[in-house]
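Okay, structure first, notes after.
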């Protein structure tokens, strides 16, 4: 999660300002008025106090989930019961995708589309380099390895998709 990166990236320029909030009571848009974009990293759990607190101030949601059936079922329930009623723009990001078995991710994308839940075309593959970068306390974009390039490319592609969505807001 982003909060883990913030805690473990001392001295590394992440390219953006970060804040870790553990209490979201009373969070408001006014607090973040000086920022063009505020990104909130949290699990999309149906019973999440954090999700309920952040929805009133959100313009857009990125909902990460692995493509496993149980994870998808929980996410679909969350989107239908909590996200859709708000009419906030959102898309699902499939994460921890087995790079040798992309079929599961494609099936998950198809399931989400059939449920009329928007999903990113790009997926974040579960690559060993992510663990190595994390252990080094570096974002994947700062990790020096040939294996880091494809991993960083996954994130760049997702960012491009997000920018396209944001340009419509």
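Given the conditions (1) more than 22 Å from residue 16 (Cβ to Cβ); (2) touching a residue at least 24 places away in the same chain (Cβ under 8 Å), and given that residue 87 satisfies all but one, which numbered condition is not satisfied?
(2)
If the requirement is being farther than 22 Å from residue 168 by Cα and at pLDDT 90 or above, which of these qualifies: 66, 85, 139?
On the way: 85 fails: farther than 22 Å from residue 168 by Cα; 139 fails: at pLDDT 90 or above.
Result of the check over 66, 85, 139: 66.
If I ask for residues that are in contact with a strand residue (DSSP E or B) (Cβ under 8 Å, 6 or more places away or on another chain) and either exposed (fewer than 13 other Cβ atoms within 10 Å of the Cβ) or in contact (Cβ under 8 Å) with a residue 60 or more places away in the chain (or both), which ones from segment 138-161 would you list?
Within segment 138-161, 158, 161 qualify.
Within segment 21-37, can you find the residues that are exposed (fewer than 10 other Cβ atoms within 10 Å of the Cβ) and at pLDDT below 80?
Those that are exposed (fewer than 10 other Cβ atoms within 10 Å of the Cβ) and at pLDDT below 80: 22, 23, 25, 26, 36.
In segment 38-63, how many are out of contact with any strand residue (DSSP E or B) (no Cβ under 8 Å at 6 or more places or on another chain), at pLDDT below 70 and closer than 13 Å to residue 82 by Cα?
3
Name every residue in segment 112-132 that is modelled with pLDDT of 95 or more and either surrounded by fewer than 18 Cβ atoms within 10 Å (Cβ to Cβ) or part of a helix (DSSP H, G or I) (or both), in order of residue number.
Result: 112, 113, 114, 115, 116, 118, 121.
Identify, by number, the condition in (1) at pLDDT 90 or above; (2) within 26 Å of residue 152 (Cα to Cα) that residue 76 doesn't meet.
(2)
Give the residue that is surrounded by the most Cβ atoms within 10 Å (Cβ to Cβ), with candidates limited to residues of segment 66-95 that are touching a helix residue (DSSP H, G or I) at 6+ places or on another chain (Cβ under 6 Å) and farther than 17 Å from residue 161 by Cα.
By that ranking, first place goes to 67.
What tally of residues in segment 75-114 results from selecting those that are touching a strand residue (DSSP E or B) at 6+ places or on another chain (Cβ under 9 Å) and on the phi > 0 side of the Ramachandran plot?
1
The values are calculated or read from the model by the stated rules, or taken from the named source; none is laboratory data. All figures in this text were calculated on a predicted structure; none of them were measured in a lab. Cβ sites come from the backbone with ideal geometry, for glycine too, and all protein chains shown count toward neighbours.
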